[in-house]
Amino acid sequence: MSWFFRCIALAWVLCTALPAEAQKAGPDDNIAGPYVPTPWVIVDEMLKLADIRADDVVYDLGSGDGRLVITAAKRFKAHGVGVELQPELIELANAGARKEEVADRVKFVQGDLFETDIREATVVMLYLLPRFVTRLVPRFLTELRPGTRIVSHDYPLVPWPPDKDVSMDVAEKEFISGTTWTRLYYYVVPARIGGVWELSLPKALARAPLSLELNQEPHTVGGLVSDGRSEDYLRDMKVKGEQVSFGLLYDGRMMAFEGKASGDAMSGEVSAKGVRGLWSARRRSPATK
């Protein structure tokens, strides 16, 4: 039997068997739903949206027959890791990797996707039920490196707003979910910048370092600056990967900041009317939660 027909047959068997098991489990179980193979046209779109490159390590959480990581390795020369609970699917994925001659670039791990170490990933792919996607959000924001790209098929990482999303109609989806409508959600893991920082500006903009307090949540980021006499809120703050930008009205000047965050340091360029220079910040204490 060919790899394609084995995938279809096994998908039918697992789709009919797993929901009964899921019903037996409690609300905190780690069975992330029945196996449903991602249609090939969506595989192509997910890889395109993630902008896969040869230096990427692509993780697929709930990898099924392995088609996403196998295709990433074959087409883009990336490395890949599939995490899957079902041993039959691990066997099928390994057979597919050998058939496509990418077994040296991918591996499939039988394990719990909620506990597997994902820190090596530069790209993460998901096709999981909503409550499981939401459970993964704290892990993604604390364990993945800034700049890691995530693509979720059909379900957003609530409450984290996507950096972009793509909608399409896929005829094959009607058999899977009763509708042809499909949406892909794309995220870039932001640098973790919460906490209290010491902000240094050009002398023309601030005579002494300022205190910068940043609050970061999955759905929002912001903060304020203090000089000991007054407090001013940051404007339009954005964090995408390591890139940071915000505005600040301080001492009668509107300033625009662009820069990069790396660990406990940030730096970049600040501009105001008639002034352009460099800024830097050093974290004095992390966010408290």
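Taking the options S226, S230, name whichever one is in contact with a Ser or Thr (Cβ under 7 Å, 6 or more places away or on another chain) and farther than 30 Å from L49 by Cβ. Full working, then the answer.
Working: S230 fails: in contact with a Ser or Thr (Cβ under 7 Å, 6 or more places away or on another chain).
Being in contact with a Ser or Thr (Cβ under 7 Å, 6 or more places away or on another chain) and farther than 30 Å from L49 by Cβ holds for just one of S226, S230, which is S226.
Does R131 meet the test of being free of Cβ contacts under 8 Å to residues at least 40 places away in the same chain and assigned to a helix (DSSP H, G or I)?
On the way: free of Cβ contacts under 8 Å to residues at least 40 places away in the same chain: yes; assigned to a helix (DSSP H, G or I): yes.
Considered against the rule, which asks whether it is free of Cβ contacts under 8 Å to residues at least 40 places away in the same chain and assigned to a helix (DSSP H, G or I), R131 comes out as yes.
For the range 125-134, check the following and say yes or no: at least one residue is under 24 Å from V244 (Cβ atoms) and open to solvent by 60 Å² or more (accessible area, probe 1.4 Å).
If we filter the range 125-134 for residues that are under 24 Å from V244 (Cβ atoms), which is where we start, we get none.
No, there is no match, as no residue in the range 125-134 is under 24 Å from V244 (Cβ atoms) and open to solvent by 60 Å² or more (accessible area, probe 1.4 Å).
I need every pair where a residue in the range 44-64 that is within 28 Å of D169 (Cβ to Cβ) has its Cβ under 6 Å from the Cβ of a residue that is aromatic (F, W, Y), sequence separation at least 6 or different chains.
That search, which allows pairs on different chains as well, returns L49/Y186; I52/F76; G64/Y35.
The values are calculated or read from the model by the stated rules, or taken from the named source; none is laboratory data. For clarity, every value in this text was computed on a predicted model and none was experimentally measured. Cβ sites come from the backbone with ideal geometry, for glycine too, and all protein chains shown count toward neighbours. With ligands, DNA and RNA removed, areas are computed over all heavy atoms of the protein, side chains included. Shrake-Rupley method; radii C 1.70, N 1.55, O 1.52, S 1.80 Å.
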